[in-house]
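Every number here is computed from the coordinates shown, using simple stated rules; none is lab data. The shown structure was predicted, so the numbers you read here are calculated from the model rather than taken from an experiment. For neighbour counting, all protein chains shown are included, and Cβ atoms are generated from backbone atoms with ideal geometry for every residue, glycine included.
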Amino acid sequence: METTGVPVRGTQSFVRTLSECWHRPSLTALEVLWRWVYGVPALWSVWHWVYPVVMAAGVDWGALQGMTILDPMAAANTLGQAIALVAPPVSAVLRWLAPVLVVVWIVVSSVGRTWMLRRADSRLQSRVGTVMVLQAIRMGALAVSFWIWFVLLEAAAGATIVRPVAAGQEPNLVGYCAASIVTTLGLFVLWGVGSWALSVAPLLAMLRGLGVVDSLRAAFRVGELRSKLVEINLVMGIVKIALIVLGMVFSACPLPFESVTTTGFMVIWCAGVSLLYFVGSDFFHVARLVAYLELWRTFQTNELGGNGISR
């Protein structure tokens, strides 16, 4: 983007978009609404179907509560025993529950996101079916990234813990932690660099009335926009991490006063912090999509017509 001949970074335009979204709270409200339309029934489903199975698995909850970071190997052994008890019955439930939740998420998120984006810019076309397919593709890519992450962590555990223990040596816990951090950050950066196209494709479908294949093709052919979209996507990833850290900090604020607080208060406090986190996360999700839309409108004015989002 350029203003009076001076190049503007993607994050500079993103700051302006944050201000615009802040002054349009209805966009965040719509995002929160459709997410909770899905989230509340999903949480109830997990509570109704998964929680009873976990409670009936015969887990030694006392041993779990007695774990300490001072003895990580014993803690890992306790966790392993609990997972061995819980995994088979939970897997049996998730084999049918998880696909249902994923399909419902794709449908609800596509409808809700279309609703929110058309509120942001009334010129966008309603392409719910196309957005559903694109959302399914994005979910598939995300699942693959988590699978790769798990495989790499499993390989790191084998090299630093399992094989040394089998050989009668001390496990290299520091090496495993280092490998876990590097692997997680590396995949995080790769996802930030590559996933922007999967977020832009639904926008292009609504902007141009494109189908699934044409939307994906156009998303990967954005020319000079690519660096700015990647920049915004990476910044959004950092913001998500910052929100998680802030949530953890605020959740821990009452701990120094635990001698004078009740369990009920702690539950209410943590629930309130969680709600604030979700609202903040939804706000930045909205800001990212609106920023993508603003950038595309700015760079493609001759082709698409207009500039900026409509009020």
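Numbers at a glance
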item: For the chain, with +1 on Lys and Arg beta carbons and -1 on Asp and Glu, the positive-most of G62, W34, G209 along the dipole; result: G209
item: For region 2-304, Kirkwood radius (reciprocal of mean inverse C-alpha pair distance, Å); result: 22.4 Å
item: Top of G66, G129, G223 by mean-square fluctuation, Gaussian network on the chain, Cα under 10 Å; result: G66
item: Most mobile listed residue (N172, N77, N233) in the chain, GNM with C-alpha springs under 10 Å; result: N77
item: Gain in span if fully extended, A242 to I181, counting 0.36 nm per residue against the direct Cα distance; result: 20.3 nm
item: Relative counts (whole %) of C-alpha pair distances in region 125-273, using bins that are 10 Å wide; result: 10, 23, 23, 24, 15, 5, 0
item: Choice from V90, V286, V111 showing the highest fluctuation, given a GNM over the chain with Cα pairs closer than 10 Å; result: V90
item: Cα centre as origin, Lys/Arg/Asp/Glu Cβ charges: region 60-151 dipole, Debye; result: 760 debye
item: With at most 12 other Cβ atoms within 10 Å, longest stretch of the chain clear of loop GluC sites (Glu not before Pro) (DSSP); result: 1-223
item: Unit charges on C-beta of K, R, D, E only; dipole of the chain, Debye; result: 1140 debye
item: Under the Karplus curve 6.51 cos²θ - 1.76 cosθ + 1.60, θ = phi - 60°, whole-Hz ³J(HN,Hα) for region 276-281, x wherever Gly or Pro sits; result: 4, 4, 5, 5, x, 4
item: At R0 = 30 Å, FRET efficiency that the Cβ-Cβ distance of V151 and Q65 yields, to 0.05; result: 0.45
item: Selection of chymotrypsin sites (Phe, Trp or Tyr not before Pro), region 199-276, meeting DSSP coil and at most 14 other Cβ within 10 Å; result: F220
item: Three principal axis lengths of region 75-186 [C-alpha, angstrom, descending]; result: 66, 33, 19
